[in-house]
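Just so it is clear, none of the values below were taken in a lab; they were calculated from the coordinates. Note that the structure is a prediction, hence the values are computed from the model and not measured. Positions of Cβ are generated from backbone atoms using ideal geometry, with glycine treated the same way; all protein chains shown enter the neighbour counts.
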């Protein structure tokens with residue numbers, strides 16, 4: 001399916017006007033970044049990278065798209081012809097999927113002709129902004145859950161396709177599974193689920209429902225025990241499985257209290273291996289609050305797919321340098337708008353995570369025009385993704401997930417505090433002379 | 001594209017288990033409703049209806065979907081065979097698109113066999129929850145904007161496909177246009193857009209950029225004037241068009257102040273017909289605050305596609321009645337779970353908006369098992385959508401949009417107050433004897 005029309009109208013009117021003005025082929029560099037983290041967040045998580053690169057490969061204007069654009073007068077014949085032949089031929093580099101980001105981190109850089117790069121603005125931002133919002137929330141949840149497993153179950157509370165992307169982003173941030181079958185098929189994420197309250201209500205008795213479920217899914221299944229009376233349901237589930245019941249799920253009430261009572265009852269009944277899974281409007285705070293309760297796994301829905309209060313990041317895509325002629329070898333000139341409160345920082349950027357001798361992250365270093373000096377402990381953050389139109393970055397979702405869990409470990413301990421706070425790392429912008437050039441993103445302490 | 005896997009794993013394990021137990025074909029009735037409005041909201045807007053009915057028509061399990069399900073052991077051969085032949089054969093009725101809803105409104109009812117109806121749970125909720133969240137926020141924005149136009153521009157801040165749905169939901173709630181080309185193609189929504197800051201920065205001077213834009217898009221275009229100096233940009237735009245400039249767009253700063261200065265300058269320059277459009281993190285509060293400023297149109301992004309603080313509704317899909325045998329003529333028995341804080345109301349529901357003799361809405365009436373009496377002023381809310389598997393509800397988006405603007409007019413005036421408040425109508429649940437049965441959703445005043 002083409003991603004070509006997941007694009008704002010003005011991207012194409014800009015291409016059309018620039019073609020007419022003879023400026024469409026000026027070599028241009030766009031940066032994708034955010035001026036800030038969502039309020040109270042200590043770090044952000046980059047997600048959607050693989051999806052974004054897929055979207056670029058699918059960015060093709062076919063007959064149907066071109067007819068629409070021509071009929072509506074959005075482009076003329078010359079614009080349509082250019083779009084028909086659209087293939088991204090430039091270079092892209094950026095933060096790898098699962099990487100941590102901070103205000104001002106140059107998350108993605110796209111260099112090509114103006115026209116080739118500008119038309120990708122909307123779809124790249126759509127993907128990065130939502131996927132990173134979900135991953136950023138998910139990472140706080142998995143951090144609070146520690147060794148306990150987190151399952152993504154939010155599809156019903158978010159747009160049907162966004163939900164698939166959310167399951168993927170959650171997995172990158174350490175979730176173990178999803179309820180979403182399309183996410184299972186598209187991305188190979190393990191899917192889970194057994195039964196809803198409706199299944200119990202369908203049957204004449206709860207016992208009938210449990211028998212039906214066990215007959216189909218085995219004794220190792222997870223029984224939902226709060227449709228009527230929790231104690232009676234647990235006793236019945238243990239009885240029907242001879243104590244070998246896989247797990248129970250609790251979906252209502254004071255979960256800490258109910259989980260404690262359920263654990264005691266299960267243990268009394270000899271079902272010491274039966275696990276307890278909790279669901280019901282969980283978020284990272286609730287997960288943290290349940291850390292002392294005998295819970296084995298969390299199922300998270302609404303608050304995950306809505307980014308726990310921050311359903312989007314504020315990432316933007318800005319022209320930061322361009323040539324002053326069509327010559328492909330012309331030098332790029334830094335450019336920046338001066339709009340109030342929205343000024344940008346022109347020029348090519350390099351990024352590094354400064355680490356101390358123990359490997360603990362100390363600062364986000366952004367070099368303007370030249371790579372900042374690496375004292376040996378530091379870690380370069382930019383990865384080549386597309387070179388001359390050729391995709392060179394491709395990895396499994398598990399690689400991204402492992403990266404995330406690894407680089408999260410590098411952060412100072414305060415990063416994983418549940419309370420609201422400032423970004424745990426300052427971002428230092430270093431100019432070509434090696435001195436700090438700009439403190440736009442610093443948080444002096 | 002099939003919607004079949006936009007489904008939670010457990011829907012299919014329930015079908016599989018119910019088939020084995022011989023209960024899958026029990027006639028069942030599911031209600032889609034919400035127990036509450038988002039905090040502080042005075043009314044909700046139903047959106048996504050047309051998309052939901054499309055999704056049911058596309059709910060087909062092909063070879064690829066079945067192979068995945070079989071390989072993962074989610075269904076067995078008998079389950080896969082049933083899914084391969086899946087066609088919804090039941091009845092669906094509910095609130096028309098654009099209609100207003102309140103806590104407890106029976107927004108959608110799905111009656112069929114248990115298996116046929118339960119598998120639609122996830123995709124129906126995904127669509128209704130997100131689309132209605134956007135429409136509910138959008139309606140407050142268009143109410144505050146009054147006669148001024150609202151344009152949807154949020155694609156870059158939300159998942160790429162959710163953004164298309166958001167543009168559609170916003171249109172239902174009175175938005176006039178969108179920046180989203182896919183929404184233009186898929187739903188015929190007028191698309192708009194001219195140029196971004198990058199277009200100005202691409203050119204050697206702002207004047208070059210304006211000349212290029214005017215040459216391509218005509219004098220009636222909208223110039224973005226805040227890349228450098230707003231006053232200089234406005235003067236240049238007016239000069240280049242001989243005072244016939246279509247509009248300017250302001251995207252930063254104190255918009256009320258800047259719009260006033262811009263209007264004065266435009267008028268001084270004789271460009272009295274040049275309109276002023278504002279963008280930059282607008283929401284319904286900001287739109288209301290700008291009501292005294294000389295603004296002609298609002299472009300709304302982030303806060304629209306994220307539901308202005310409420311990116312999802314809390315709609316649920318619950319089994320409320322079912323037969324106790326496979327007999328298609330067996331009577332339906334009301335069922336309801338008793339989970340703490342999540343209890344449901346069993347049985348078939350009818351809905352009516354009670355209106356006084358002036359046509360002003362007074363209450364949401366839900367009849368349990370029997371239609372409530374209509375005193376002549378009241379308005380029935382349930383519309384047949386699918387009958388015996390045949391879709392009978394199909395309308396243009398403009399019809400839904402007109403309905404929304406019309407039924408919003410029926411609400412008491414306090415509905416359109418910007419401040420946070422309670423639902424403007426109580427929901428009265430009336431039992432078969434005609435007396436108020438349950439006050440679960442009432443807000444006694």
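For region B:331-361 and region A:356-418, what is the separation of their C-alpha centers, rounded to whole Å? With region B:331-361 and region A:356-418 each reduced to a Cα centre, they are spaced 54 Å. Result for chain B in a Gaussian network model with C-alpha springs under 10 Å: among B:281, B:329, B:54, the largest mean-square fluctuation is at B:329. Normalised Debye scattering of region A:37-120 at q = 0.21 Å⁻¹ gives log10 I(q)/I(0) of -0.98, counting only Cα atoms as equal scatterers and leaving out solvent.
Comparing mean-square fluctuations of B:359, B:309, B:253 from a GNM of chain B with C-alpha springs under 10 Å, the top value falls on B:253.
Across all C-alpha atoms in the protein assembly as shown, the radius of gyration and Dmax reach 28.1, 88 Å. In this calculation the C-beta distance from residue B:406 to residue A:410 is compared with R0 = 56 Å, giving a FRET efficiency of 0.45. With helices as the sole contributors, chain B gives -10500 deg cm²/dmol at 222 nm; each DSSP H run of n ≥ 4 counts as -39500 (n - 2.57), and the sum is divided by every residue. For region A:5-26 and region B:53-72, what is the centre-to-centre distance using only Cα atoms, to the nearest Å? After rounding, the separation between the Cα centres reads 39 Å.
Taking 0.36 nm per residue of separation and subtracting the current Cα-Cα distance, fully stretching the chain between residue A:254 and residue A:285 would add 9.7 nm.
Among DSSP beta bridges lying fully in region B:142-309, give the percent that are antiparallel, nearest 5.
Details: 0 of 16 bridges.
Restricted to region B:142-309, the bridges split so that about 0 percent are antiparallel.
Taking label positions 7 Å along the Cα-Cβ direction at both residue A:394 and residue B:87, the computed distance is 4.1 nm, reported to one decimal. Taken residue by residue and averaged, Cβ atoms of other chains lying within 10 Å of the Cβ of B:310-322 number 4. Each peptide among A:178-187, B:55-64 gets the average number of other Cβ atoms lying within 10 Å of its residues, and from highest to lowest they stand as A:178-187, B:55-64.
With a 10 Å cut-off around each Cβ of A:330-337, the average count of Cβ atoms from other chains is 3. Among DSSP bridges having both ends in the protein assembly as shown, what percentage is antiparallel? Round to the nearest 5. So the antiparallel bridges amount to about 65 percent of the total. Seen against the Cα atoms of chain A and their longest principal axis, helix A:160-172 is set at about 90 degrees. Considering only Cα atoms, the convex hull volume of region A:371-437 works out to 163 Å³ per residue.
Students often get this wrong: which residues of region A:404-428 have the backbone nitrogen under 19 Å from the point 7 angstrom along Cα-to-C-beta of residue A:147? Under 19 Å, as judged by backbone N against the label point of residue A:147, lie A:405-406, A:409 of region A:404-428.
Contact order for chain B, expressed relative to its length and based on alpha carbon pairs under 8 Å spaced 6+ residues apart, stands at 22 percent.
Working note: Cα atoms of region B:210-284, range along each principal axis, descending, whole Å: 34, 25, 22. Calculation over all alpha carbon pairs of chain A in 20 angstrom steps from 0 returns a P(r) of 24, 47, 24, 6, 0 percent.
Label points for residue A:432 are taken 7 Å from Cα along Cα→Cβ. From this copy to the others they lie 8.5 nm apart, shortest first. In this assembly of identical copies, the label point of residue B:57 (Cα plus 7 Å along Cα-to-Cβ) is separated from its counterparts by 3.2 nm, sorted shortest first.
Estimated at 0.36 nm per residue, the fully extended path between residue B:239 and residue B:387 surpasses their Cα-Cα distance by 47.1 nm. Histogrammed with a bin width of 10 Å, the alpha carbon distances of region A:155-305 distribute as 11, 38, 35, 15, 0 percent, first bin at zero. Here the spin labels are modelled as points 7 Å beyond Cα on the Cα-Cβ line, and at residue B:232 and residue A:377 they lie 4.7 nm apart.
For residue A:270, the point set 7 Å out from Cα toward Cβ sits 9.9 nm from its twins in the other copies, listed from shortest up.
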